[in-house]
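Visitor: Sending over a structure as structure tokens; questions will come in a sec.
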Amino acid sequence: MNRDLYLAAYDITEPDRLHRSLEVLKDYAGGGQDSVFECYLSDAERRELVSRMESLMDPITDRFFIIPLDARGIYKALGCAQEPQDLAVYYVG
């Protein structure tokens, strides 16, 4: 299955929706912190994630971003960074 790397981030204003959004993102994320996650997604998984997040959000007060990244790029992580954990992908350093 072909998967692409995405950065998914949300800003949810209500605590219950915030908790449910976190649980949804954990289903797809290989790594992340607080409200920003790295996700390797197929096209179908991306559409499903967006649909699930849309169903939870208040379109007036909440925000969700999913940004494609080039998996071949060189990224520098600062602080307590961790490599994304996706068993279908191997990291060569």
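Visitor: How big is the charge dipole of region 4-69 about its Cα centre, in debye rounded to the nearest 20, if each Lys and Arg gets +1 on its Cβ and each Asp and Glu gets -1 on its Cβ?
Guide: So the dipole magnitude of region 4-69 works out to roughly 40 debye.
Visitor: Once label points are set 7 Å from the Cα along Cα→Cβ at both Ser51 and Phe65, what is their separation, rounded to one decimal in nm?
Guide: 2.6 nm
Visitor: Between Ala44 and Asp58, what length in nm is gained on full extension when 0.36 nm per residue of separation is reduced by their alpha carbon distance?
Guide: Net length gain for the segment: 2.7 nm.
Visitor: List every residue whose amide H lies under 5 Å from the amide H of Gly32, counting only residues 5 or more places away in sequence or on a different chain, with H placed 1.01 Å from N in the peptide plane.
Guide: Glu38
Visitor: Can you list the HN-Hα couplings for region 24-40, worked out from phi with the Karplus curve (6.51, -1.76, 1.60; θ = phi - 60°), rounded to whole Hz and with x for Gly and Pro?
Guide: Result, rounded to whole Hz: 4, 4, 4, 5, 10, 7, x, x, x, 7, 6, 10, 10, 9, 9, 9, 8.
Each value in this text was obtained by applying a stated rule to the coordinates, not by laboratory testing. These numbers were taken from a predicted model, which means no experiment stands behind them. Cβ sites come from the backbone with ideal geometry, for glycine too, and all protein chains shown count toward neighbours.
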